[in-house]
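Data block below; observations after.
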């Protein structure tokens, strides 16, 4: 089974179960994962290595509480580009990569060109970030939406782990 750039539906049930288990808790010992998916440890470990080398599993990280880290302000920022030239896109890409409080950046279809998720300490911290971004690259329009409460948060993608 070739895994390079394989869409999720091409992964078999065992691979989907492995990925689901690791998305829930990447610290699980191989023995526990193997037991959950019905394999012995060595084949399970080999599958995990293949999933990693294929880019299905990108990396294993710890999730931290932003409030406990002093980053209690979440802001979603819509950006309208003044133009769509390669030069502007490159400058914008460099600018957002250089600002650590910008957690995610998406190029969008529709009214806004880019959507950013920002983690800031407070409004003053966000204002500093705003100035840093708008000084780094020309922007046609910036619209900021401030999250009042996080109701749902997950990093685990929904996978079908049922036998078909």
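Quick note: the coordinates plus some simple rules give every number you see, no bench work behind them. From a predicted model like this one, the values you see are computed outputs, not experimental measurements. Because the Cβ atoms are built from the backbone with ideal geometry, glycine has one as well, and the counts that use them run over all protein chains shown.
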* To do: Give me the angle, in degrees from 0 to 90, between the Cα long axis of helix 123-136 and the longest principal axis of the Cα atoms of the chain, rounded to the nearest 10.
  => 80
* Asked: Using alpha-carbon positions, what is the distance between the centroids of the range 30-79 and the range 81-135, in Å?
  -> 26
* Asked: Tilt of helix 41-53 relative to the longest C-alpha principal axis of the chain, in degrees (0 to 90, nearest 10)?
  -> 30
* Asked: With each label point set 7 Å from Cα along the Cα-Cβ vector, what nm distance links residue 32 and residue 88?
  -> 4.9
* Cα→Cβ-extended label distance, 7 Å offset, between residue 146 and residue 10, nm -> 4.7
* Separation of the residue 23 and residue 67 label points, Cα + 7 Å toward Cβ, nm -> 2.5
* Asked: For the Cα atoms of the chain, what angle does the longest principal axis make with the long axis of helix 13-24, in degrees from 0 to 90, nearest 10?
  -> 50
* So between residue 132 and residue 99, what do we pick up on full extension, going 0.36 nm a residue minus the alpha carbon distance? -> 11.1 nm
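Rounded if a/c is under 1.5, else prolate if a/b is larger than b/c, else oblate: which is the range 8-53, with a ≥ b ≥ c the root eigenvalues of its Cα gyration tensor?
rounded
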* To do: Using Cα extents along the principal axes in Å as the read-out, say which of (i) 52, 33, 32; (ii) 63, 42, 24; (iii) 55, 38, 26 was calculated from these coordinates.
  => (iii)
* According to the square roots a ≥ b ≥ c of the eigenvalues of the Cα gyration tensor, what is the shape class of the range 99-153, taking rounded for a/c under 1.5, prolate for a/b larger than b/c otherwise, and oblate for the remainder? -> oblate
* Asked: So between residue 53 and residue 40, what do we pick up on full extension, going 0.36 nm a residue minus the alpha carbon distance?
  -> 2.6 nm
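Defining a contact as two alpha carbons under 8 Å apart and six or more residues distant in sequence, what relative contact order in percent does the range 73-146 show?
Relative contact order for the range 73-146 comes out at 53 percent.
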